[in-house]
Amino acid sequence: MRSKKEALIAIDLQNDFCEGGALAVRGAEGILYPINSIMKKFQTVVLTQDWHPKNHSCFASQHSEKEPYMVIDMPYGPQILWPDHCVQDSRGADFHSSVSVNDSHLILRKGFRKSIDSYSAFFENDRKTPTGLLGFLKEKGIDKITIVGLALDFCVGFSAIDASRLNFDVSILKSLCCSINLDGSLESALINMKNTGVKIDG
Ligand code: VGL
Ligand code: ZN
């Protein structure tokens, strides 16, 4: 049997998720250099970029009497409201200057449709509208995926679970992820990942 073809997917290494950003994730700056180092070991590297229009429906600012981190019902299910972040063309949406963007092969933007958020790199938050990443990976013959980045309990977790459901062999490297930690979100992401067969490595 041929050996597995592997891809690295690094999730949302953007200014707004780093120190001083609109939705800063604690510890984010510390994982950027180690992620750059492992990028060089993979033949295929995908970076995702959270890319919201300025009036995106996942922003609390677009809803009267709502605050960030409240949950609302959207036609596709419950949605956490976030502070305005990763607005298209803003500095916050840029990759952090420490990220070796030139070592990547695909930059996949997500969350750009105003009416629906997208945590996963594979499907929008209705859990069924594809982003196109599956087609890219399949055409390249990838069967094993390693996922790192921000945030473990949201975009990393949802991407890993979808990848596993799509029958990839999936690992996350926990030491190269940081989490937001909202109401047990980290614990539930870890449980959901384990239950879907995602390997959780150090
Ligand atoms: C993310 C919340 C909102 C993430 C993106 O990258 O995990 N979280 N948008
Ligand atoms: Zn977002």
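The values are calculated or read from the model by the stated rules, or taken from the named source; none is laboratory data. Just so it is clear, the model here is predicted, and its values are computed rather than measured. Using ideal geometry, Cβ is built from the backbone for each residue, glycine included, and neighbour counts are taken over all protein chains shown. Each accessible area value is taken on the protein alone, full model and side chains, heavy atoms only, with ligands, DNA and RNA left out. Shrake-Rupley method; radii C 1.70, N 1.55, O 1.52, S 1.80 Å.
Close Cβ contacts (under 6 Å, 6 or more residues apart or on different chains) running from residues in segment 10-35 that are buried (at least 20 other Cβ atoms within 10 Å of the Cβ) to residues that are assigned to a strand (DSSP E or B) and of a type in the set (Val, Ile, Thr) comprise 10/148; 11/48; 12/48; 35/148.
Somewhere in segment 3-16, is a residue of a type in the set (D, E, K, R), part of a helix (DSSP H, G or I), closer than 21 Å to residue 118 by Cα and at pLDDT 95 or above? Walk me through how you get there before you give the answer.
The first filter runs over segment 3-16 and keeps only residues of a type in the set (D, E, K, R), leaving 4-6, 12, 16.
Filter again for part of a helix (DSSP H, G or I), leaving 16.
Those left that are additionally closer than 21 Å to residue 118 by Cα: 16.
If we keep only those that are at pLDDT 95 or above as well, we get 16.
Scanning segment 3-16, I find at least one residue that is of a type in the set (D, E, K, R), part of a helix (DSSP H, G or I), closer than 21 Å to residue 118 by Cα and at pLDDT 95 or above, so the answer is yes.
A search for C-beta distances below 6 Å between a residue of segment 137-153 that is within 16 Å of ligand 1 (Cβ to nearest atom) and any residue that is of a type in the set (Ser, Thr, Tyr), counting only pairs 6+ apart in sequence or on different chains, returns 147/159; 151/179; 152/179; 153/179; 153/185. Looking at this structure, is residue 154 in contact with a Phe, Trp or Tyr (Cβ under 7 Å, 6 or more places away or on another chain), open to solvent by 30 Å² or more (accessible area, probe 1.4 Å) and not β-branched (Val, Ile, Thr)? Criteria not met by residue 154.
Reported count of residues in segment 49-65, each being surrounded by 20 or more Cβ atoms within 10 Å (Cβ to Cβ) and more than 17 Å from residue 116 (Cα to Cα), is 0.
From 93, 28, 60, grab the single residue that is more than 23 Å from residue 125 (Cα to Cα), touching a strand residue (DSSP E or B) at 6+ places or on another chain (Cβ under 8 Å) and within 16 Å of ligand 2 (Cβ to nearest atom).
On the way: 93 fails: more than 23 Å from residue 125 (Cα to Cα); 60 fails: more than 23 Å from residue 125 (Cα to Cα).
Just one listed residue meets the conditions, 28.
Can we say residue 186 is more than 12 Å from the chain's Cα centre (by Cα), surrounded by fewer than 24 Cβ atoms within 10 Å (Cβ to Cβ) and either part of a strand (DSSP E or B) or among the aromatic types (Phe, Trp, Tyr) (or both)? Taking the combined requirement at face value, the residue does not satisfy it.
Taking the conditions (1) within 23 Å of residue 131 (Cβ to Cβ); (2) among the polar types (S, T, N, Q); (3) open to solvent by 20 Å² or more (accessible area, probe 1.4 Å) in turn, residue 3 satisfies each one other than (1). Given the condition surrounded by fewer than 14 Cβ atoms within 10 Å (Cβ to Cβ) and within 15 Å of ligand 2 (Cβ to nearest atom), answer yes or no: does some residue in segment 130-140 qualify? Checked segment 130-140: no residue is surrounded by fewer than 14 Cβ atoms within 10 Å (Cβ to Cβ) and within 15 Å of ligand 2 (Cβ to nearest atom).
With respect to residue 73, determine if the residue is in a strand (DSSP E or B), surrounded by fewer than 20 Cβ atoms within 10 Å (Cβ to Cβ) and away from ligand 2 (no atom under 14 Å from the Cβ). Against the criterion (in a strand (DSSP E or B), surrounded by fewer than 20 Cβ atoms within 10 Å (Cβ to Cβ) and away from ligand 2 (no atom under 14 Å from the Cβ)), residue 73 qualifies. Mind checking which residues of segment 94-129 are open to solvent by 20 Å² or more (accessible area, probe 1.4 Å) and charged (D, E, K, R)? Result: 94, 103, 109, 113, 114, 126, 127, 128.
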